[in-house]
(Lines give C-alpha, C1' and ligand atoms only; values in the text may rest on other atoms or scores of the structure.)
Protein backbone atom coordinates (compact mmCIF):
# COMPACT_ATOMS: atom_id res chain seq x y z
CA UNK A 1 0.00 0.00 0.00
CA UNK A 2 1.09 3.53 -0.73
CA UNK A 3 -0.51 6.72 0.59
CA UNK A 4 -0.27 10.12 -1.11
CA UNK A 5 -1.45 12.91 1.11
CA UNK A 6 -2.20 16.44 -0.10
CA UNK A 7 -3.38 19.24 2.14
CA UNK A 8 -5.85 21.53 0.39
CA UNK A 9 -7.47 24.62 1.81
CA UNK A 10 -10.37 23.11 3.71
CA UNK A 11 -9.94 19.46 2.89
CA UNK A 12 -7.23 16.81 3.09
CA UNK A 13 -6.94 14.49 0.12
CA UNK A 14 -5.49 11.00 0.57
CA UNK A 15 -4.84 8.78 -2.41
CA UNK A 16 -4.81 5.13 -1.31
CA UNK A 17 -2.85 2.92 -3.72
CA UNK A 18 -2.47 -0.86 -3.85
CA UNK A 19 -3.59 -3.30 -1.15
CA UNK A 20 -5.22 -2.43 2.14
CA UNK A 21 -5.21 -5.58 4.28
CA UNK A 22 -4.45 -6.47 7.91
CA UNK A 23 -0.77 -5.68 7.34
CA UNK A 24 -1.22 -2.23 5.81
CA UNK A 25 -4.50 -0.97 7.33
CA UNK A 26 -2.76 0.36 10.51
CA UNK A 27 -0.74 2.80 8.36
CA UNK A 28 -3.91 4.26 6.87
CA UNK A 29 -5.45 4.53 10.30
CA UNK A 30 -2.33 6.29 11.59
CA UNK A 31 -2.38 8.89 8.80
CA UNK A 32 -6.09 9.65 9.29
CA UNK A 33 -5.65 9.96 13.06
CA UNK A 34 -2.70 12.30 12.62
CA UNK A 35 -5.00 14.56 10.54
CA UNK A 36 -7.66 14.43 13.25
CA UNK A 37 -4.96 15.37 15.78
CA UNK A 38 -4.24 18.48 13.64
CA UNK A 39 -7.93 19.38 13.76
CA UNK A 40 -8.42 18.28 10.14
CA UNK A 41 -11.71 16.39 9.96
CA UNK A 42 -12.63 16.89 6.30
CA UNK A 43 -11.01 14.12 4.34
CA UNK A 44 -11.46 12.80 0.80
CA UNK A 45 -10.13 9.33 0.05
CA UNK A 46 -9.25 8.93 -3.62
CA UNK A 47 -9.55 5.19 -4.25
CA UNK A 48 -8.97 5.18 -8.02
CA UNK A 49 -5.78 3.14 -7.62
CA UNK A 50 -6.95 0.97 -4.73
CA UNK A 51 -6.63 -2.63 -5.90
CA UNK A 52 -7.77 -4.53 -2.87
CA UNK A 53 -9.40 -4.01 0.51
CA UNK A 54 -10.28 -6.56 3.20
CA UNK A 55 -12.15 -6.17 6.48
CA UNK A 56 -9.35 -4.55 8.55
CA UNK A 57 -9.28 -1.74 5.96
CA UNK A 58 -13.08 -1.44 6.00
CA UNK A 59 -12.92 -1.20 9.76
CA UNK A 60 -10.49 1.73 9.55
CA UNK A 61 -12.86 3.54 7.16
CA UNK A 62 -15.94 3.10 9.32
CA UNK A 63 -14.19 4.06 12.58
CA UNK A 64 -12.68 7.12 10.90
CA UNK A 65 -16.00 8.27 9.48
CA UNK A 66 -17.67 7.93 12.89
CA UNK A 67 -14.97 10.10 14.47
CA UNK A 68 -14.97 12.67 11.68
CA UNK A 69 -18.75 13.06 11.87
CA UNK A 70 -18.56 13.69 15.61
CA UNK A 71 -16.69 16.91 14.88
CA UNK A 72 -19.20 19.65 14.11
CA UNK A 73 -18.97 23.39 13.50
CA UNK A 74 -22.71 23.80 13.15
CA UNK A 75 -25.50 21.30 12.71
CA UNK A 76 -25.00 21.53 8.95
CA UNK A 77 -21.26 21.83 8.74
CA UNK A 78 -18.65 19.50 10.13
CA UNK A 79 -16.22 16.73 9.47
CA UNK A 80 -16.61 13.72 7.21
CA UNK A 81 -14.73 11.09 5.28
CA UNK A 82 -15.89 11.03 1.66
CA UNK A 83 -14.90 8.73 -1.16
CA UNK A 84 -13.86 9.59 -4.70
CA UNK A 85 -13.44 7.09 -7.54
CA UNK A 86 -14.55 3.59 -6.58
CA UNK A 87 -13.05 0.90 -8.87
CA UNK A 88 -15.45 -1.98 -9.80
CA UNK A 89 -13.87 -4.62 -7.51
CA UNK A 90 -13.84 -2.26 -4.55
CA UNK A 91 -17.41 -1.25 -5.31
CA UNK A 92 -18.32 -4.91 -5.12
CA UNK A 93 -16.86 -5.13 -1.59
CA UNK A 94 -18.70 -1.91 -0.67
CA UNK A 95 -21.96 -3.36 -2.02
CA UNK A 96 -21.51 -6.69 -0.20
CA UNK A 97 -20.85 -5.01 3.14
CA UNK A 98 -23.40 -2.20 2.89
CA UNK A 99 -20.63 0.40 2.72
CA UNK A 100 -22.12 1.83 -0.47
CA UNK A 101 -24.96 3.34 1.52
CA UNK A 102 -22.72 4.14 4.50
CA UNK A 103 -20.44 6.57 2.64
CA UNK A 104 -20.89 9.50 0.31
CA UNK A 105 -19.25 8.39 -2.92
CA UNK A 106 -18.31 10.78 -5.74
CA UNK A 107 -17.24 10.22 -9.33
CA UNK A 108 -14.02 12.20 -9.03
CA UNK A 109 -11.87 14.06 -6.52
CA UNK A 110 -12.97 17.54 -7.69
CA UNK A 111 -16.57 16.67 -7.00
CA UNK A 112 -15.73 15.05 -3.65
CA UNK A 113 -13.59 17.97 -2.47
CA UNK A 114 -16.24 20.45 -3.69
CA UNK A 115 -18.94 18.66 -1.72
CA UNK A 116 -17.53 20.03 1.55
CA UNK B 1 -3.79 -31.47 -2.99
CA UNK B 2 -1.15 -28.79 -2.57
CA UNK B 3 -0.30 -27.05 0.69
CA UNK B 4 1.71 -24.23 2.18
CA UNK B 5 2.52 -23.91 5.88
CA UNK B 6 3.57 -20.57 7.31
CA UNK B 7 3.94 -18.80 10.62
CA UNK B 8 0.65 -17.04 11.29
CA UNK B 9 1.87 -13.47 11.19
CA UNK B 10 1.13 -10.49 8.95
CA UNK B 11 4.02 -11.37 6.62
CA UNK B 12 2.06 -14.49 5.62
CA UNK B 13 -0.74 -12.48 3.98
CA UNK B 14 1.07 -11.49 0.78
CA UNK B 15 2.55 -14.99 0.31
CA UNK B 16 -0.78 -16.68 0.79
CA UNK B 17 -2.48 -14.27 -1.55
CA UNK B 18 0.02 -15.07 -4.32
CA UNK B 19 -0.21 -18.82 -3.61
CA UNK B 20 -4.00 -18.99 -3.73
CA UNK B 21 -4.33 -16.68 -6.74
CA UNK B 22 -2.04 -18.93 -8.80
CA UNK B 23 -3.95 -22.00 -7.58
CA UNK B 24 -7.36 -20.56 -8.48
CA UNK B 25 -6.16 -19.67 -11.95
CA UNK B 26 -4.75 -23.17 -12.46
CA UNK B 27 -8.08 -24.64 -11.41
CA UNK B 28 -9.77 -22.59 -14.13
CA UNK B 29 -11.58 -19.97 -12.04
CA UNK B 30 -12.24 -16.78 -13.95
CA UNK B 31 -10.83 -13.43 -12.89
CA UNK B 32 -13.78 -12.45 -10.71
CA UNK B 33 -14.03 -15.82 -8.94
CA UNK B 34 -10.26 -15.78 -8.38
CA UNK B 35 -10.55 -12.37 -6.76
CA UNK B 36 -13.43 -13.57 -4.56
CA UNK B 37 -11.41 -16.60 -3.41
CA UNK B 38 -8.41 -14.36 -2.75
CA UNK B 39 -10.47 -12.07 -0.52
CA UNK B 40 -12.17 -14.95 1.35
CA UNK B 41 -8.83 -16.66 2.03
CA UNK B 42 -7.28 -13.36 3.12
CA UNK B 43 -10.14 -12.86 5.60
CA UNK B 44 -9.76 -16.42 6.92
CA UNK B 45 -6.01 -16.07 7.37
CA UNK B 46 -6.37 -12.61 8.95
CA UNK B 47 -8.78 -14.19 11.42
CA UNK B 48 -6.21 -16.85 12.38
CA UNK B 49 -3.41 -14.27 12.70
CA UNK B 50 -5.48 -11.96 14.88
CA UNK B 51 -7.39 -14.43 17.03
CA UNK B 52 -5.95 -17.96 17.05
CA UNK B 53 -2.60 -17.27 18.66
CA UNK B 54 -1.05 -14.76 21.04
CA UNK B 55 0.52 -12.06 18.86
CA UNK B 56 3.96 -12.51 20.42
CA UNK B 57 3.86 -16.30 20.00
CA UNK B 58 2.30 -17.03 16.62
CA UNK B 59 1.91 -20.69 15.65
CA UNK B 60 1.56 -22.25 12.22
CA UNK B 61 -1.23 -22.14 9.72
CA UNK B 62 -1.59 -24.48 6.77
CA UNK B 63 -3.43 -23.61 3.60
CA UNK B 64 -4.34 -26.40 1.16
CA UNK B 65 -6.27 -26.50 -2.07
CA UNK B 66 -7.55 -28.96 -4.61
CA UNK B 67 -9.75 -29.03 -7.67
CA UNK B 68 -12.36 -31.72 -7.54
CA UNK B 69 -15.54 -32.32 -9.47
CA UNK B 70 -15.81 -28.73 -10.75
CA UNK B 71 -15.16 -27.31 -7.33
CA UNK B 72 -12.20 -25.37 -5.97
CA UNK B 73 -11.72 -26.44 -2.36
CA UNK B 74 -9.53 -24.48 0.06
CA UNK B 75 -8.81 -25.40 3.66
CA UNK B 76 -7.18 -23.31 6.37
CA UNK B 77 -5.94 -25.16 9.44
CA UNK B 78 -4.46 -23.77 12.64
CA UNK B 79 -3.66 -25.20 16.06
CA UNK B 80 -4.56 -22.12 18.06
CA UNK B 81 -7.48 -21.53 20.38
CA UNK B 82 -10.81 -22.93 19.33
CA UNK B 83 -12.82 -20.75 17.00
CA UNK B 84 -16.59 -20.90 17.26
CA UNK B 85 -18.19 -18.96 14.38
CA UNK B 86 -21.55 -18.91 16.17
CA UNK B 87 -20.08 -16.47 18.72
CA UNK B 88 -19.41 -13.90 15.99
CA UNK B 89 -22.48 -11.72 15.51
CA UNK B 90 -23.63 -11.32 11.91
CA UNK B 91 -23.25 -7.63 11.07
CA UNK B 92 -26.40 -5.75 10.15
CA UNK B 93 -25.22 -4.23 6.89
CA UNK B 94 -28.31 -2.04 6.63
CA UNK B 95 -27.85 -0.20 9.93
CA UNK B 96 -26.92 3.49 9.75
CA UNK B 97 -23.41 4.69 10.55
CA UNK B 98 -24.17 5.64 14.15
CA UNK B 99 -25.37 2.14 15.01
CA UNK B 100 -23.09 0.26 12.71
CA UNK B 101 -20.81 -2.28 14.44
CA UNK B 102 -17.22 -2.17 13.23
CA UNK B 103 -16.37 -5.88 13.59
CA UNK B 104 -17.62 -9.21 12.23
CA UNK B 105 -17.16 -8.31 8.59
CA UNK B 106 -14.47 -10.90 7.86
CA UNK B 107 -16.57 -14.03 8.49
CA UNK B 108 -19.53 -12.36 6.84
CA UNK B 109 -17.51 -11.68 3.69
CA UNK B 110 -16.24 -15.29 3.58
CA UNK B 111 -19.80 -16.64 3.60
CA UNK B 112 -20.86 -14.19 0.91
CA UNK B 113 -17.89 -14.79 -1.37
CA UNK B 114 -17.75 -18.60 -1.23
CA UNK B 115 -20.40 -21.17 -2.19
CA UNK B 116 -19.84 -23.43 0.83
CA UNK B 117 -18.18 -22.73 4.20
CA UNK B 118 -17.64 -25.26 7.02
CA UNK B 119 -15.92 -24.90 10.38
CA UNK B 120 -14.63 -27.87 12.33
CA UNK B 121 -12.61 -28.18 15.50
CA UNK B 122 -10.95 -31.16 17.10
CA UNK B 123 -8.40 -31.19 19.94
CA UNK B 124 -5.87 -33.01 17.73
CA UNK B 125 -6.56 -31.34 14.39
CA UNK B 126 -7.21 -27.84 15.67
CA UNK B 127 -9.43 -25.45 13.71
CA UNK B 128 -10.23 -26.46 10.15
CA UNK B 129 -12.04 -24.05 7.87
CA UNK B 130 -13.15 -25.46 4.52
CA UNK B 131 -14.25 -23.09 1.77
CA UNK B 132 -15.60 -24.17 -1.60
CA UNK B 133 -16.04 -22.19 -4.80
CA UNK B 134 -17.99 -23.77 -7.64
CA UNK B 135 -16.43 -23.49 -11.05
CA UNK B 136 -18.48 -21.68 -13.67
CA UNK B 137 -20.85 -23.92 -15.63
CA UNK B 138 -19.47 -23.07 -19.02
CA UNK B 139 -16.48 -25.32 -18.71
CA UNK B 140 -13.87 -25.33 -21.48
CA UNK B 141 -14.93 -27.66 -24.28
CA UNK B 142 -12.50 -30.40 -23.40
CA UNK B 143 -13.24 -30.61 -19.68
CA UNK B 144 -15.93 -33.28 -19.87
CA UNK B 145 -14.43 -35.26 -22.73
CA UNK B 146 -11.79 -37.90 -22.87
CA UNK B 147 -8.89 -36.32 -24.74
CA UNK B 148 -6.64 -38.72 -26.63
CA UNK B 149 -3.17 -37.45 -27.47
CA UNK B 150 -0.95 -39.53 -29.73
CA UNK B 151 2.78 -39.32 -29.13
CA UNK B 152 4.66 -40.07 -32.31
CA UNK B 153 8.28 -40.17 -31.23
CA UNK B 154 10.73 -41.60 -28.75
CA UNK B 155 10.36 -40.02 -25.33
CA UNK B 156 13.86 -39.24 -24.09
CA UNK B 157 15.74 -36.31 -22.57
CA UNK B 158 15.68 -34.49 -25.90
CA UNK B 159 12.01 -34.98 -26.81
CA UNK B 160 10.45 -35.04 -23.31
CA UNK B 161 10.07 -31.22 -23.14
CA UNK B 162 8.17 -31.28 -26.45
CA UNK B 163 5.86 -34.01 -25.19
CA UNK B 164 5.24 -32.11 -21.95
CA UNK B 165 4.50 -28.93 -23.86
CA UNK B 166 2.07 -30.69 -26.19
CA UNK B 167 0.12 -32.24 -23.31
CA UNK B 168 0.22 -29.17 -21.07
CA UNK B 169 -1.29 -27.05 -23.83
CA UNK B 170 -4.27 -29.38 -23.91
CA UNK B 171 -4.50 -29.27 -20.11
CA UNK B 172 -4.56 -25.48 -20.14
CA UNK B 173 -7.36 -25.70 -22.71
CA UNK B 174 -9.36 -27.66 -20.15
CA UNK B 175 -8.44 -31.29 -20.85
CA UNK B 176 -8.75 -33.31 -17.63
CA UNK B 177 -9.36 -36.91 -18.71
CA UNK B 178 -6.34 -37.63 -20.81
CA UNK B 179 -5.26 -40.76 -22.67
CA UNK B 180 -1.75 -40.84 -24.09
CA UNK B 181 -1.63 -43.12 -27.12
CA UNK B 182 1.89 -44.55 -26.98
CA UNK B 183 1.52 -47.04 -29.86
CA UNK B 184 4.15 -45.17 -31.90
CA UNK B 185 6.59 -44.69 -29.03
CA UNK B 186 9.49 -47.08 -29.49
CA UNK B 187 11.62 -45.90 -26.58
CA UNK B 188 11.06 -44.35 -23.16
CA UNK B 189 13.99 -43.08 -21.09
CA UNK B 190 14.05 -42.11 -17.42
CA UNK B 191 13.63 -38.44 -18.45
CA UNK B 192 10.58 -39.47 -20.42
CA UNK B 193 9.22 -41.34 -17.44
CA UNK B 194 9.74 -38.28 -15.27
CA UNK B 195 7.84 -36.12 -17.78
CA UNK B 196 4.91 -38.57 -17.67
CA UNK B 197 4.95 -38.51 -13.86
CA UNK B 198 4.75 -34.71 -13.86
CA UNK B 199 1.83 -34.77 -16.31
CA UNK B 200 0.07 -37.31 -14.11
CA UNK B 201 0.63 -35.15 -11.00
CA UNK B 202 -0.60 -31.98 -12.70
CA UNK B 203 -3.80 -33.72 -13.86
CA UNK B 204 -4.42 -35.16 -10.39
CA UNK B 205 -3.99 -31.73 -8.82
CA UNK B 206 -6.62 -30.41 -11.21
CA UNK B 207 -9.04 -33.24 -10.48
CA UNK B 208 -8.26 -35.07 -13.72
CA UNK B 209 -6.62 -38.36 -14.56
CA UNK B 210 -4.00 -39.71 -16.93
CA UNK B 211 -4.19 -43.08 -18.69
CA UNK B 212 -1.55 -44.62 -20.92
CA UNK B 213 -2.59 -46.81 -23.82
CA UNK B 214 -1.08 -49.22 -26.36
CA UNK B 215 2.46 -49.50 -25.02
CA UNK B 216 5.02 -51.38 -27.09
CA UNK B 217 6.58 -54.31 -25.14
CA UNK B 218 9.97 -52.64 -24.62
CA UNK B 219 8.25 -49.49 -23.32
CA UNK B 220 6.00 -51.50 -21.03
CA UNK B 221 9.13 -53.15 -19.67
CA UNK B 222 10.40 -49.77 -18.44
CA UNK B 223 7.28 -49.56 -16.26
CA UNK B 224 7.59 -53.10 -14.91
CA UNK B 225 11.31 -52.72 -14.11
CA UNK B 226 10.76 -49.45 -12.27
CA UNK B 227 7.59 -50.59 -10.55
CA UNK B 228 5.61 -47.76 -12.11
CA UNK B 229 2.92 -50.13 -13.31
CA UNK B 230 1.49 -49.52 -9.81
CA UNK B 231 1.48 -45.76 -10.33
CA UNK B 232 0.11 -45.36 -13.86
CA UNK B 233 -3.16 -46.57 -15.32
CA UNK B 234 -1.99 -48.64 -18.27
CA UNK B 235 -4.37 -50.08 -20.87
CA UNK B 236 -3.78 -52.39 -23.84
CA UNK B 237 -5.59 -50.08 -26.27
CA UNK B 238 -6.97 -46.55 -26.57
CA UNK B 239 -10.53 -47.81 -26.66
CA UNK B 240 -10.04 -49.68 -23.39
CA UNK B 241 -8.52 -46.57 -21.81
CA UNK B 242 -11.54 -44.56 -22.95
CA UNK B 243 -13.89 -47.17 -21.57
CA UNK B 244 -12.14 -47.04 -18.20
CA UNK B 245 -13.05 -43.33 -17.93
CA UNK B 246 -16.70 -43.91 -18.75
CA UNK B 247 -16.96 -46.78 -16.24
CA UNK B 248 -15.70 -44.54 -13.52
CA UNK B 249 -18.41 -41.92 -14.03
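The values are calculated or read from the model by the stated rules, or taken from the named source; none is laboratory data. Treat the numbers as computed from the prediction; the structure is a model and nothing was measured. Glycine also receives a Cβ, built like all others from the backbone with ideal geometry; neighbour counts cover every protein chain displayed.
Let me confirm something: among B:72, B:119, which residue is over 19 Å from residue B:49 (Cβ atoms), assigned to a strand (DSSP E or B), in contact (Cβ under 8 Å) with a residue 24 or more places away in the chain and in contact with a helix residue (DSSP H, G or I) (Cβ under 8 Å, 6 or more places away or on another chain)?
B:72
Starting from residues that are more than 18 Å from residue B:49 (Cα to Cα) and surrounded by fewer than 20 Cβ atoms within 10 Å (Cβ to Cβ), keep the ones in region A:15-26 and report whichever is nearest to the other protein chains (Cβ to nearest Cβ).
Keep residues of region A:15-26 that are more than 18 Å from residue B:49 (Cα to Cα), which gives A:15-18.
Pick out the ones that are also surrounded by fewer than 20 Cβ atoms within 10 Å (Cβ to Cβ) and you get A:15, A:17-18.
Values: A:15: 21, A:17: 15, A:18: 11 Å.
My answer is A:18.
Which members of region B:95-116 meet the condition of being more than 10 Å from every other protein chain (Cβ to nearest Cβ) and surrounded by fewer than 17 Cβ atoms within 10 Å (Cβ to Cβ)?
Here is the first cut: in region B:95-116, the ones more than 10 Å from every other protein chain (Cβ to nearest Cβ) are B:99, B:111, B:114-116.
Residues satisfying the conditions are B:99, B:111, B:115, B:116.
Any residue at all in region B:24-31 that's in a helix (DSSP H, G or I), within 13 Å of chain A (Cβ to nearest Cβ), crowded, with 17+ Cβ neighbours inside 10 Å and over 15 Å from the mean Cα position of the chain (by Cα)?
no
Restrict the check to region B:52-67 and report whether at least one residue is modelled with pLDDT under 95, part of a helix (DSSP H, G or I) and within 11 Å of chain A (Cβ to nearest Cβ).
no
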